[in-house]
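Worksheet: one structure, shown below.
The values are calculated or read from the model by the stated rules, or taken from the named source; none is laboratory data. Treat the numbers as computed from the prediction; the structure is a model and nothing was measured. Virtual Cβ from ideal backbone geometry, glycine too; neighbours counted across all protein chains shown.
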Amino acid sequence: TWTDLPKVDNNGDEYNYTVDEVETPDHYIRSNPDGLTVKNTYNYTSEVTLTAPSDSKTYDGTSLTATTGVIVSGLPAGFIVEATATGSQTNAGSSANVVDNSYVIKDTVGNVQTTSFTNVTTVNGTLTVNPKTVTITTGSASKAYDGKALTDSTVEIEGLVDGETVTLTATGSQTEVGSSDNTYDIEWDNATAANYTVTDNLGTLTVIENSAADIVLTAPSASKTYDGTALTMTEGVTASGLPEGFTIEATISGSQTNAGSSASVVEEYIIKDANGNDKTANFKKVALVNGTLTVNPKAVTITTGSASKTYDSTALTERTVKIEGLIRGESVKLTVTGSQTEVGSSANTYEIEWDNATAANYTVTENLGTLTVTDGGGMGGGPEDDPTDPEPTPDPVTPDPEPTPDPDTTDPEPVPVPVPTPVPGPVAPVTPDPEPTPEPEEPTPEPEPTPEPEPTPEPEPAPEPEPEPEPTPEPTIIIPERETPRSDGSSAEWALINLLLTILTGIIMIVLWITYFTNKKREDEEDEETEAVRAYATDEDEEEDSDTIKRKGILRLLSIIPFVVAVIVFILTEDMRNPMVLVDRWTIWMAVIALVQLVLALFCKKSYEEDDEDEQKEANA
């Protein structure tokens with residue numbers, strides 16, 4: 001009989017066992033004499049370990065498996081195991097590789113002895129997929145500051161598994177002066193981020209100070225005709241070369257008052273971006289260009305009078321002269337210098353002194369009159385012989401309706417044209433004219449230019465020569481607009497406040513004297529009423545009363561001084577013929593004098609109050 005042997009196989013079929021002779025009788029035991037009892041001796045209880053294989057790789061999009069290579073430990077010598085493992089890993093990460101339960105243990109002759117091993121342990125292996133390394137590279141760029149963001153869209157990836165894609169977008173930006181990384185964004189389209197280890201190779205975005213841009217700030221220019229005030233410009237700086245959206249704020253210096261030119265200069269400036277932020281430090285190459293302030297001379301016209309007369313061996317002058325166009329507050333002194341003695345004509349010249357005006361500030365246009373001396377015609381040599389006063393020309397020259405030349409011109413018709421013709425003749429005879437009367441005979445042949453006699457009949461207006469004295473009105477110097485400042489330093493106006501302060505000073509003085517005499521009279525009346533009492537007064541009391549009277553009188557006398565000083569100052573500094581103004585530079589002194597007078601009045605008032613208090617105390621006592 002067989003014991004401890006399986007009766008049937010896995011299909012339910014009975015086993016047929018036979019005992020063969022073996023060389024290793026230890027495997028079998030003889031037990032019964034009447035029969036052979038065979039017992040299976042492969043019953044191992046020691047531990048047998050089956051370990052599934054492990055494996056690893058870098059992610060490549062395919063699965064990692066290790067089905068063969070199960071490692072066995074603990075089997076008897078010569079025994080083998082037929083085993084497989086199951087496991088798979090595709091994405092980066094790890095998973096178990098498991099020994100299949102279908103393993104078979106065979107002995108040395110190839111018999112399956114799996115069931116003889118009751119202590120079999122299986123150990124899992126590990127399948128590991130490591131992330132693949134990819135490199136993402138972004139572009140680099142640089143530029144000079146222009147207020148706009150610097151970007152570079154270049155971006156690429158290296159190392160992706162074939163068939164997998166990502167979307168890359170460069171996001172780096174640099175606007176201000178400085179540097180930063182050119183960063184990026186990534187979308188893992190059909191790829192998995194965990195399957196990759198990303199190495200960044202970022203570019204650099206660099207903005208440097210703008211030293212290349214030709215930024216030009218130009219100060220404004222301006223011009224005007226001289227008017228005594230300063231020409232300045234406070235705004236209007238223009239800029240070229242600035243980036244779009246940038247603005248400039250600048251301050252300007254420069255002033256031109258007198259005729260001439262000077263620079264208008266950009267002093268300080270701020271360059272702002274579109275948001276109003278100060279970006280001046282980002283611009284290094286800024287050129288400043290000056291403007292020009294130009295004051296042109298003012299045109300003035302100086303006009304002198306015209307005059308004419310018949311030759312009388314005395315100088316002909318005409319003192320009328322005026323200037324037009326001076327600005328208010330400036331003055332000049334004009335003196336006529338023209339003179340004509342001999343027969344002929346000359347311009348009525350002048351001299352000018354630029355008192356508080358400056359010659360360079362004016363362009364002078366001269367409208368000079370004409371001084372004309374005509375020949376008496378040789379008919380007696382008297383001035384009355386030739387009533388003709390040519391020079392209708394003076395009329396246009398003298399814009400003023402001053403008829404100074406007209407009185408002599410009794411007959412404008414004898415136009416000076418005929419006069420020049422006799423001039424060469426008379427030149428010789430004129431001097432000797434009074435002595436040898438025969439000499440007029442020499443010019444008598446010359447009367448051939450009988451035009452002269454023709455003008456003579458027209459002297460019908462001969463009565464008019466009487467106004468000849470009019471040229472003599474000693475020429476006046478016409479000063480423009482305002483009077484010249486007085487030599488004593490006083491102004492060309494008088495101040496109303498100064499007059500009122502002088503009057504106030506006098507009124508205070510008068511009031512002080514009136515109160516003095518009024519109070520003195522009152523005290524005298526009181527003294528008469530109290531004469532009996534005063535009879536007993538001591539000498540000391542009388543002296544005290546005398547001192548009080550003197551003190552009051554001295555204060556009144558002192559009040560005369562401020563009034564006198566005020567009157568003197570007003571007379572010396574103010575001319576009421578001039579235009580009136582409210583105040584001038586003497587007003588402060590007049591106010592001080594009035595204040596002194598007021599202080600004296602307060603002292604006087606206080607003195608009376610103290611005396612009244614003393615009298616009241618004595619009365620109460």
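Please state which of the following conditions I323 fails to meet, knowing it meets all the rest: (1) surrounded by 21 or more Cβ atoms within 10 Å (Cβ to Cβ); (2) within 11 Å of S306 (Cα to Cα); (3) at pLDDT 50 or above.
That leaves (2) as the condition not met.
Working only within segment 330-355, note down all residues that are more than 11 Å from G369 (Cβ to Cβ), in contact (Cβ under 8 Å) with a residue 24 or more places away in the chain and among the β-branched types (V, I, T).
Of everything in segment 330-355, those that are more than 11 Å from G369 (Cβ to Cβ), in contact (Cβ under 8 Å) with a residue 24 or more places away in the chain and among the β-branched types (V, I, T) turn out to be V332, T335, T341, V343, I352.
Looking at D189, D152, D146 in this structure, which one is loosely packed, with under 13 Cβ neighbours inside 10 Å, more than 30 Å from L50 (Cβ to Cβ), in contact with a strand residue (DSSP E or B) (Cβ under 9 Å, 6 or more places away or on another chain) and not assigned by TED's automatic domain parsing to the domain that holds L242?
Only one candidate passes the filter, namely D189.
Of the residues V567, V533, V583, which is assigned to a helix (DSSP H, G or I) and modelled with pLDDT of 75 or more?
Only one candidate qualifies: V567.
Looking at segment 250-271, is at least one residue under 30 Å from G344 (Cβ atoms), polar (S, T, N, Q) and in contact with a strand residue (DSSP E or B) (Cβ under 6 Å, 6 or more places away or on another chain)?
No, every residue in segment 250-271 fails to be under 30 Å from G344 (Cβ atoms), polar (S, T, N, Q) and in contact with a strand residue (DSSP E or B) (Cβ under 6 Å, 6 or more places away or on another chain).
Mind listing whichever residues of segment 165-183 are acidic (D, E) and either in a strand (DSSP E or B) or closer than 22 Å to Y196 by Cα (or both)?
Hit for segment 165-183 is D181, nothing else.
Which is at pLDDT 95 or above and surrounded by fewer than 15 Cβ atoms within 10 Å (Cβ to Cβ), of T374, T365?
Matching residue, one of T374, T365: T365.
Tell me which residues, restricted to segment 31-56, are hydrophobic (A, V, I, L, M, F, W, C) and modelled with pLDDT under 80.
L36, V38 - these are the residues of segment 31-56 that are hydrophobic (A, V, I, L, M, F, W, C) and modelled with pLDDT under 80.
Within segment 548-563, take every residue that is β-branched (V, I, T) and modelled with pLDDT under 70 and give me the one that is nearest to I510 (Cα to Cα).
By that ranking, first place goes to I549.
Any idea which residue in segment 192-206 is nearest to A92 (Cα to Cα), counting only those that are loosely packed, with under 15 Cβ neighbours inside 10 Å and of a type outside the set (V, I, T)?
Applying the filter and picking the extreme gives A194.
Need at least 1 residues that are in contact with a helix residue (DSSP H, G or I) (Cβ under 6 Å, 6 or more places away or on another chain) per element, so show me which strands (runs of 3 or more DSSP E) inside segment 295-363 make the cut, counting only ones lying wholly within it.
307-310
Please pick out the residue among N91, N111, N119 that is more than 60 Å from the chain's Cα centre (by Cα), over 30 Å from E176 (Cβ atoms) and at pLDDT 95 or above.
One residue alone meets the criteria, N91.
Name, by its number, the condition in (1) at pLDDT 70 or above; (2) exposed (fewer than 15 other Cβ atoms within 10 Å of the Cβ); (3) assigned to a helix (DSSP H, G or I) that does not hold for E615.
Failed condition: (1).
Let me spell it out: the conditions are (1) within 30 Å of E164 (Cα to Cα); (2) exposed (fewer than 15 other Cβ atoms within 10 Å of the Cβ), and N111 meets all of them except one. Which number is the exception?
Checking N111 against (1) within 30 Å of E164 (Cα to Cα); (2) exposed (fewer than 15 other Cβ atoms within 10 Å of the Cβ), the one that fails is (1).
Return only the number of the condition from (1) β-branched (V, I, T); (2) under 30 Å from Y59 (Cβ atoms); (3) touching a Leu at 6+ places or on another chain (Cβ under 8 Å) that T133 does not satisfy.
Only one criterion is unmet by T133, namely (3).
Test of understanding: among G254, G245, G228, which residue is without any contact (Cβ under 8 Å) to a residue 40 or more places away in the chain and assigned by TED's automatic domain parsing to the domain that holds G291?
Just one listed residue meets the conditions, G254.
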